[in-house]
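Inspection log for the structure reproduced underneath, given as structure tokens.
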Amino acid sequence: MELFTEGDPIADTKAPAGPVEKRWETRRFEAKLVNPANRRKMTVIVVGTGLAGGSAAATLAEQGYHVKSYCYQDSPRRAHSIAAQGGINAAKNYRNDGDSVHRLFYDTVKGGDFRSRESNVHRLAEVSVNIIDQCVAQGVPFAREYGGLLDTRSFGGAQVQRTFYARGQTGQQLLLGAYQALERQIGLGTVEMNARHEMLELVIVDGKARGIVVRDLVTGEISTEMADAVVLASGGYGNVFYLSTNAKGCNVTATWRAHRKGAYFANPCYTQIHPTCIPVSGDHQSKLTLMSESLRNDGRVWVPKTKGDDRNPRDIPEDERDYYLERIYPSFGNLVPRDIASRAAKNVCDEGRGVGPTKLGVYLDFADAIDRLGRKAIEAKYGNLFEMYERITGEDPYEVPMRIYPAVHYTMGGLWVDYDLQSSIPGLFVIGEANFSDHGANRLGASALMQGLADGYFVLPTTIANYLASGPLDKVDASHPAAVEARTDVEDRIQRLLAVNGDRTVDSFHRELGQIMWEHCGMERSEAGLRKAIDEIRALRDQFWQRVKVSGTGEELNQSLEKAGRVADFFELAELMCIDALHREESCGGHFRAEHQTPDGEAQRDDDRFAYVAAWEFTATGEPAVLHKEDLKFEYVHPTQRSYK
Amino acid sequence: MNLTLRIWRQKGPEDKGRMVTYPVDDVSPDMSFLEMLDVLNERLILAGEDPVAFDHDCREGICGMCGLMINGDAHGPQRGTTACQLHMRQFSDGETIDIEPWRASAFPVVKDLVVNRNAFDKIIAAGGYITAPTGSAPEAHSTPVAKANADAAFESAACIGCGACVAACPNGSGMLFTAAKLTQLSLLPQGQPERYTRVIGMVDAHDEAGFGGCTNAGECTVACPKGIPLNTIGRLNRDYLKATAVRGDTPGS
């Protein structure tokens, strides 16, 4: 059977024509408005409370809409944006080092390996400056210089210092800013907060997204919530690999359920493998921990020149070390983009020069920086990261070099959205990591926080008004046949998972799925490997539904049931990721196909055949998906072979 | 390593609860504490028993979701470390480890080791913010902030809202949590306009939620995985006194 069929091409019809720097202004002016008196009669559901969802829910409520917010954690403050360490980019040019909106736009389009939309990326760069203003006004304690002004630092893929930060906890501080704005609205009664609730289905009435089915994770109660529009801000799907830097609860269920109901899933194979994570220590490993990319500002990456050199790293003399990033990429050195740094680490380990007990690791060494700046300066910059490293590994990075290895970190793919961040289902908006729109095939460091807050604070609140203004929509409630059907589907699925009562745990399946994905759909992909992975995923999925064992009942706090539902969806997503990776016969950004590389081993794009967004339409379980192509046009940043040499 | 775990099991808020003993063998010193519980749960599921419910998410010490009393210490024996970042190399072979939920009247048990910390959110909703609706912000550099104040604000802002301070406190007080947020916002120029209404709102919400009062026992700051200093509570008290003497919404106050 064919793996997919091709359908009609699609176009992003909402992006206005005209010069790129005028498009957002034009769209804002042309977008319809909703009268303040009418806003309070309208309800918007927001799923997820990270940077995108939290900021969107707070902002919509400030504007006067009635908002219902949902998260699976016990508090909206815990969404995984909180774990972002390094920083947030903004084109403020406070350093006077040549930065501008246009340069941030240029760097982001290039960093994404020419697989993102120019219109979206330009808008992102424009609003980046407003984000910093907004966060400072909220009391976000960014790092400052002695004069009292904001400090910035460098990040991968850029030669200007445009990254604002709050020590190694930038995501936490930005998220708490959004969370506090959200709590203010909860206190005012404009946001109805539902923590420990998980969205399990989307409700579509007359072709429009009108509600969701949620499970109360404490009581197990299933309820149907209706609204005028639904916003998904449910994050990325990196946990399809089982081991990733994502929080344990991160999952694809909200977006996957929407995909099954008609929302196109775009570029699912674009995943970001972060180069600096703590290596796996054993089979018990439940997650991987990131060491911020900011460490590459001062740390130098190296491996021994000779294979199997097991000496203590401090005993290996300078001339027997290979600082391979500095050697191969002299102009960017240790600050090459993430995809490039990750593959370079994989290559030296494949050559047998990896370090540590598993030989899947490279050194990140601060000895030079400590000599140059003193231990105190390094402590001030990275103290908390060094402590975290020591807690996990039992080694002191002030004395011995850190060992790092790449790990799954972020997913650039996600639900397809137009310029208004609306999916292919009217009334369903998707923001933050859950959508696909701004990072192309590779996201630059410190750009996820920027995009999440751009979408939530500034873009969505404008564009969703345009949709809502076309109303009023007919009043519908949970007794509508479409809502009842969605709810019944959820209940049936829970019963099916509980009824299998087999002999393998959910985690054992998840771990095995993750191994297949890491092996064949990770840092390097090939046709043979992907075909094998698709067969293995299908076989394992069948096993899952015959042998999984979920304890307890649906009417209680049941973490094993929660996991089972999420893993069941990961199986379906995993197959689509492999199909997407297989069909894209080129290498670009984080998607590296072994068959498509330049003579010196860099990613070889094929712009003639693949300069498009691959948007996949779901047909039926086990039936081939339909591919819709959205052609990408580059009028301002002309595609070139990315070079960081 | 071979260990004996004694874990608090409680089916729901109404259940009385009890300690149950579980032997766990072949624990690697490189495992995190929660990975060790994962191993136990995998075994319980296959044996047809109910796995131990515990909260966790990021497993890198920043989301604040995990929280266990381990041998009577909030987050266990290692200073400045959340339960998810605690590794088994901190324990010895043959050890018996007691694992309990946070115990405080403001944090009712939901199931086993899971508690309801919604009271913290209510304290924030009662004033733990700066009112700055989206779009209203001035240019970020229009108000410089002295580096010392910015750094001290950051130190307090590092709170992860895990609740260890409450669990460690003999009075079940949430003062360190409340004071951390108040200190952050009162050290910044942006936080001045609401400074005194904020402290009254948050302290009232704290008391209404059923937290106990602070008697300067100081257990909270020792248990805090982020090292929030005790002097934040002094700042809270000072602002609270001033706010009650001079109402914060009085012009000129």
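The values are calculated or read from the model by the stated rules, or taken from the named source; none is laboratory data. Bear in mind that the values here come from a model prediction, so they are computed numbers and not experimental data. Don't worry about glycine lacking a Cβ; one is built from the backbone with ideal geometry, like all the others, and counts go over all protein chains shown.
The table below lists the values:
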read-out	value
Residue that is nearest to the other protein chains (Cβ to nearest Cβ) [pool: residues in segment A:124-163 that are touching a strand residue (DSSP E or B) at 6+ places or on another chain (Cβ under 8 Å), of a type outside the set (Gly, Ala, Ser) and in a loop (DSSP other than H, G, I, E, B)]	A:Phe142
Residue in segment B:203-220 that is surrounded by 14 or more Cβ atoms within 10 Å (Cβ to Cβ) and either outside the structural domain of B:Ala137 (by TED's automatic domain parsing) or more than 18 Å from the chain's Cα centre (by Cα) (or both) present	no
One residue from A:Leu188, A:Leu176, A:Leu182 being modelled with pLDDT of 95 or more and more than 21 Å from A:Gly64 (Cα to Cα)	A:Leu176
Failed item, numbered, when B:Pro77 is tested on (1) more than 8 Å from chain A (Cβ to nearest Cβ); (2) within 25 Å of A:Ala195 (Cβ to Cβ); (3) touching a strand residue (DSSP E or B) at 6+ places or on another chain (Cβ under 9 Å)	(2)
Hits in segment A:273-323 (condition: without any contact (Cβ under 8 Å) to a residue 60 or more places away in the chain, within 14 Å of chain B (Cβ to nearest Cβ) and not polar (S, T, N, Q))	A:Gly282, A:Asp283, A:His284, A:Lys287
Single residue of segment A:593-611 satisfying the filter (over 17 Å from A:Gly529 (Cβ atoms) and charged (D, E, K, R)) that is surrounded by the most Cβ atoms within 10 Å (Cβ to Cβ)	A:Arg605
Failed condition for A:Arg296, given (1) over 19 Å from the mean Cα position of the chain (by Cα); (2) among the charged types (D, E, K, R); (3) in a loop (DSSP other than H, G, I, E, B)	(3)
Pair list, Cβ < 6 Å and 6+ apart or interchain, from segment A:1-27 residues that are surrounded by 11 or more Cβ atoms within 10 Å (Cβ to Cβ) to residues that are among the hydroxyl-bearing types (Ser, Thr, Tyr) and assigned to a loop (DSSP other than H, G, I, E, B)	A:Asp12/A:Tyr419; A:Lys14/A:Tyr419; A:Ala15/A:Tyr419; A:Val20/A:Tyr636
Residue match in segment B:139-146 (condition: surrounded by 20 or more Cβ atoms within 10 Å (Cβ to Cβ), in contact with a Ser or Thr (Cβ under 9 Å, 6 or more places away or on another chain), under 27 Å from A:Gln63 (Cα atoms) and free of Cβ contacts under 8 Å to residues at least 12 places away in the same chain)	no
Sole exception among (1) within 14 Å of chain B (Cβ to nearest Cβ); (2) buried (at least 24 other Cβ atoms within 10 Å of the Cβ); (3) among the small types (Gly, Ala, Ser) for A:Gly220, by number	(2)
Exclusive hit being touching a strand residue (DSSP E or B) at 6+ places or on another chain (Cβ under 6 Å) and surrounded by fewer than 23 Cβ atoms within 10 Å (Cβ to Cβ), set A:Arg538, A:Arg547	A:Arg547
Flag for A:Asn501 being polar (S, T, N, Q), on the phi > 0 side of the Ramachandran plot and modelled with pLDDT of 95 or more	yes
Helices (runs of 4 or more DSSP H) wholly inside segment A:480-577 that include at least 2 residues being β-branched (Val, Ile, Thr) and over 27 Å from the mean Cα position of the chain (by Cα)	A:481-500
Subset of segment B:94-127 (residues that are part of a loop (DSSP other than H, G, I, E, B) and more than 26 Å from A:Met388 (Cβ to Cβ))	B:Gly94, B:Arg103, B:Ser105, B:Ala106, B:Pro108, B:Asp112, B:Asn116, B:Ala126, B:Gly127
Output for segment B:137-158, where each listed residue is more than 7 Å from every other protein chain (Cβ to nearest Cβ) and assigned to a loop (DSSP other than H, G, I, E, B)	B:Thr143
Pick from segment B:51-74, criterion in contact with a Gly (Cβ under 6 Å, 6 or more places away or on another chain) and either more than 7 Å from every other protein chain (Cβ to nearest Cβ) or free of Cβ contacts under 8 Å to residues at least 24 places away in the same chain (or both), ranking: surrounded by the fewest Cβ atoms within 10 Å (Cβ to Cβ)	B:Ile70
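Residues are listed down the side, and each one gets a yes or a no for (1) closer than 20 Å to B:Cys165 by Cα; (2) in a strand (DSSP E or B); (3) of a type outside the set (Val, Ile, Thr); (4) not assigned by TED's automatic domain parsing to the domain that holds B:Pro229:
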| residue | (1), (2), (3), (4) |
| --- | --- |
| B:Ile7 | no, yes, no, yes |
| B:Lys11 | no, no, yes, yes |
| B:Pro29 | no, no, yes, yes |
| B:Leu34 | no, no, yes, yes |
| B:Ala53 | no, no, yes, yes |
| B:Glu60 | yes, no, yes, yes |
